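A short write-up of the structure that comes next.
The values are calculated or read from the model by the stated rules, or taken from the named source; none is laboratory data. Predicted model, so just to flag it, every value in this text is computed and none were measured. Counting neighbours? That spans all protein chains shown, and the Cβs are built from the backbone with ideal geometry, glycine included. Surface areas here come from the heavy atoms of the whole protein model, side chains and all, with no ligands, DNA or RNA. Shrake-Rupley method; radii C 1.70, N 1.55, O 1.52, S 1.80 Å.
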Amino acid sequence: MAKSYHVPSVEEIKTLLKSKDLKATRQRLAVHEAMIALGHASADMVTEYISTNGGPKVTVASVYNVLAQFALYGFYRHRLSANNKMYFDVNTSRHMHLYDTYNNEFRDIIDEDILSVCEDRLKHLRFKGYKIDGIDIQVICHPSHRKAPSSS
């Protein structure tokens, strides 16, 4: 199983922002630092992380706007959960997700072999009127114990 995981550092985000003619504001950097710590998070989670860790004052709306902008530019990816909340993923490398429907949590599955097999099988199929842009694999699960696990 090949492992790959890429999370842009704060310095890389500064460079990426500059490439899009965006300023590396305290708020944008605080959002990114929170995402590095959280991995997968909603705007509410990022806002709470920033406020409890002494970051700049931010609103949930401004955090959501930064997250959405970062996803639009490809700095992050986004995922919709079963509770209709948008979550953002700081890991932009090829990977799959384990989605816990009970806790609405995402975890990365890094397995290049599975991704390669799926891509090889799908590239030979034709879907009339459609062109495949990519493959997004999500394994849906719930805790196997009666007591649900705490956040990771």
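Annotations
- Residue that is surrounded by the most Cβ atoms within 10 Å (Cβ to Cβ), among those in the stretch 139-152 that are within 18 Å of the chain's Cα centre (by Cα) and at pLDDT below 90: S152
- Odd one out for H124 among (1) part of a loop (DSSP other than H, G, I, E, B); (2) modelled with pLDDT under 90; (3) under 22 Å from C141 (Cβ atoms): (3)
- Of the residues making up the stretch 42-62, just one is of a type outside the set (S, T, N, Q), open to solvent by less than 50 Å² (accessible area, probe 1.4 Å), farther than 22 Å from R107 by Cβ and part of a helix (DSSP H, G or I), namely I50.
- Total residues in the stretch 104-137, condition open to solvent by less than 70 Å² (accessible area, probe 1.4 Å), of a type in the set (A, V, I, L, M), within 23 Å of H40 (Cα to Cα) and out of contact with any His (no Cβ under 7 Å at 6 or more places or on another chain): 3
- Which numbered condition N65 fails, given (1) at pLDDT 95 or above; (2) open to solvent by 20 Å² or more (accessible area, probe 1.4 Å); (3) not in a helix (DSSP H, G or I): (3)
- With respect to the conditions (1) over 17 Å from E33 (Cα atoms); (2) β-branched (V, I, T); (3) open to solvent by less than 80 Å² (accessible area, probe 1.4 Å), T92 falls short on a single one, namely (1).
- Test result for A37, modelled with pLDDT of 95 or more, part of a helix (DSSP H, G or I), surrounded by fewer than 18 Cβ atoms within 10 Å (Cβ to Cβ) and within 13 Å of the chain's Cα centre (by Cα): yes
- Entry remark, the stretch 16-34: residues being open to solvent by 70 Å² or more (accessible area, probe 1.4 Å) and closer than 18 Å to R77 by Cα number 2 in total.
- For beta carbons closer than 6 Å, sequence separation of 6+ or different chains, a first residue in the stretch 64-76 that is within 9 Å of V90 (Cα to Cα) and a second that is among the aliphatic types (A, V, I, L, M) and part of a helix (DSSP H, G or I), the qualifying pairs are F75/L16.
- Breaking point among (1) touching a Ser or Thr at 6+ places or on another chain (Cβ under 8 Å); (2) aromatic (F, W, Y); (3) open to solvent by less than 80 Å² (accessible area, probe 1.4 Å), for F70: (1)
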